[in-house]
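In what follows, a structure is listed as structure tokens, so that the remarks can point back to it.
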Amino acid sequence: MVRVPAVLVALMAGAVLLTGCDGAAPAFACKVDVASSDVVRDREDAGIASCQEIPATGTDTALPSIHLDCLGEKGSVRLNAIQGPAVLNFWASNCGPCRKEMPALQEFYAAHGDQVQVIGVNYLDTYPGAAIELARLSGVTYPSLADACGDLQKTDAELGPGLPFFLFVSADGTVSRPHVGGVTSAAEVVTLVRDELGIDLTAKAAS
């Protein structure tokens, strides 16, 4: 067994804390490969959808015009080209509330993903392997983008005060203010979609 020097363990732990749920940007020079061969294989084995399947619109939305990498595959998605209605969930592998709400988001995605797409944004998370592992353990199959180094912080995007948080993109391209996450059931997501996007999924299910 290879022993890791204690000082290295401390440095690694400090790096994790710098990317915690408070949304603080990493304090070190950031360069993260979110599509290494191991991470790509793990995403495919977990059955997580490809980012290339995210519908794009011909009309730019109110999201920033920035390309975010796909988590666990080569390529990127221009954020303001994402077609609504959509739920964007910002999360990280070291965020406790994110872990609790991801199964509820997956349940919503399985029931309503054909009407309202669900897209994760793995945010300020410098451990893509751990992110894919959390998604796998949570049963998540919706796609995720990655902003490991906080590029969104350099735009005029209005972001949440901490993780997790939601942004809702309507069919006409308007974007809600950040909504603090922490949902525990698909029904809560249905209510948020009704309140933020004006889509009553319960009525559609009953018809």
*For the stretch 94-141, state what percent of all Cα-Cα pairs lands in each successive 5 Å bin, counting from 0 Å until the bin that includes the largest distance.*
5, 21, 31, 25, 12, 6, 1
*Solvent-accessible area per residue for the stretch 21-105 at a 1.4 Å probe radius, Å²?*
46 Å²
*Roll a 1.4 Å probe over the protein chains and send me the accessible area per residue for the stretch 119-207 in Å².*
43 Å²
*For the stretch 56-207, which whole percent of the accessible surface, found with a 1.4 angstrom probe, sits on carbon and sulfur atoms?*
49 percent
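The values are calculated or read from the model by the stated rules, or taken from the named source; none is laboratory data. This one's a predicted model, so the numbers in the text were calculated from it and none came from an experiment. With ligands, DNA and RNA removed, areas are computed over all heavy atoms of the protein, side chains included. Shrake-Rupley method; radii C 1.70, N 1.55, O 1.52, S 1.80 Å.
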